[in-house]
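Here is the structure we will look at.
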Amino acid sequence: TFGISYNDLPPEMEQMKSMLPSQSVLYLKENMSRTEQSMGIGGNQVVISDNKNQTGTVLIDGMGGNFFIKVSKADIEKSEKQNPEPKFTYTSETKKIAGFNCYRAEAKFEGMEDKLAIYYTDEIPADKSSQFKGLKGFPLEYETASEGIKMTISAKSVSREPVSGALFKIPDGYKETTMEELGKMMGGY
């Protein structure tokens, strides 16, 4: 379970802060991952990644229904080409996060001026669906920026309980759609 905090929000976003996600939950099982996030506007988003087949599914609920969007291997490959793997610089700085010994690294993404700080542990296998492919371990705290919003995502707790395979399936009652169709439903989003 990760907590999400926002740094240096633009003034126009400050009043919307309560609508931004404050928590994210990640489940890992074999070659599968599932990330759940409340969207803060009465809905939830789940991203399921199948790292073996390099495919995924996005589940969205709360915006007038329950929908899923399939993400193909070609979609993922296109995204990876547009977002190449970062280059890492490793430091000797350490920090304890959620009971794990973590090491600091800095990620430099192509086209970005700033380096992003990451604290990772080698006590948990690396997540192959992570934006930090190539990192020497599993990220338990990191900085990120999206559409001008800077965030710090930090693990609050880690459980080693077995994860049900049902979490990686599309639940009944979800209708397939595309990003374009979903955008139209949301009024041109």
*Spherically averaged projected area in nm², based on the convex hull that wraps the Cα atoms of segment 64-171*: 9.2
*Loop-resident sites, segment 2-58, for trypsin sites (Lys or Arg not before Pro), counting at most 11 other Cβ within 10 Å (DSSP)*: LYS52
*Distance check, please: which entries in LYS78/LYS108; LYS17/LYS95; LYS87/LYS156; LYS136/LYS156 exceed 23 angstrom between their Cα atoms?*
LYS17/LYS95; LYS87/LYS156
*the chain: calculated mean residue ellipticity at 222 nm from DSSP helix runs of at least 4, using -39500 (n - 2.57)*: -3000 deg cm²/dmol
*Once the Cα atoms of helix 73-82 and of the chain are each reduced to a long axis, what angle between those two axes, in degrees from 0 to 90 to the nearest 10, is obtained?*
50
*Calculate one ³J(HN,Hα) per residue across segment 15-22 by plugging θ = phi - 60° into the Karplus curve 6.51 cos²θ - 1.76 cosθ + 1.60, and present them in order as whole Hz with x for glycine and proline.*
6, 9, 3, 5, 8, 7, x, 10
_Within the accessible area of the chain (1.4 Å probe), percent carbon and sulfur_ = 48
*How much area per residue is accessible in segment 1-71 when the probe is 1.4 Å and only protein heavy atoms are counted (Å²)?*
54
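The values are calculated or read from the model by the stated rules, or taken from the named source; none is laboratory data. Everything numeric in this text was worked out from a predicted model, so none of it was measured. Note that we place each Cβ from the backbone using ideal geometry, even for glycine, and neighbour counts take in every protein chain shown. Only protein heavy atoms, including side chains, enter the accessible area calculation; ligands, DNA and RNA are left aside. Shrake-Rupley method; radii C 1.70, N 1.55, O 1.52, S 1.80 Å.
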